1. Two-decimal Rg/Rh of the chain from alpha-carbon positions, Kirkwood Rh?
2. Using alpha-carbon positions, what is the distance between the centroids of segment 22-61 and segment 69-121, in Å?
3. Test of understanding: what is the full-extension gain from residue 113 to residue 17, defined as 0.36 nm times their sequence separation minus their Cα-Cα distance?
4. Please give the contour-minus-distance gain from residue 37 to residue 2: 0.36 nm per residue of separation, less the Cα-Cα distance, rounded to one decimal in nm.
5. Where does helix 108-120 land angle-wise versus the long Cα axis of the chain, in degrees 0 to 90, nearest 10?
6. Taking only Cα atoms, what is the 0 to 90° angle, nearest 10, from helix 68-86's long axis to the longest principal axis of the chain?
7. Consider a paramagnetic label point 7 Å from the Cα of residue 120 along Cα→Cβ; state which residues of segment 73-114 have an amide N under 12 Å from it.
8. Roughly how many nanometres apart are two label points built 7 Å out from the Cα toward the Cβ at residue 63 and residue 10?
């Protein structure tokens, strides 16, 4: 699967790469709320995850730079990652998510805490 994160869904670089990608599922995180309005999805079949913002960033901040849209995309990406992780590591494998996280991320404060809890338990 490939996940595209794009506000407009019509960025030239993304559209140019489509013919070079294998026929795999595509997910588009975009400000579009309907698939038919997203040029990226007009060129490739996929799933739209709408991430609209309440007003253009230029109105909010005086500059048309990605600010609010990137925050919305990040939140949606985190939710997608958590949902996929729960499905893969809990539903399919029956494992405890903390055990999986501790195994895959043994370093740092969180990994050390999970490793200590596992060795004591």
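1. Across the chain, the Cα-based Rg/Rh ratio is 1.10.
2. 27
3. Net length gain for the segment: 30.3 nm.
4. Difference between extended and current length: 10.6 nm.
5. The angle comes out near 40 degrees.
6. 40
7. Zone members listed by number: 113-114.
8. So the two model labels end up 2.5 nm from each other.
FYI, it's all coordinate maths here, none of it is from the lab. Just so it is clear, the structure is predicted and the values come from calculations on it, not from any experiment. Glycine gets a Cβ as well: all are built from the backbone with ideal geometry, and neighbour counts include every protein chain shown.
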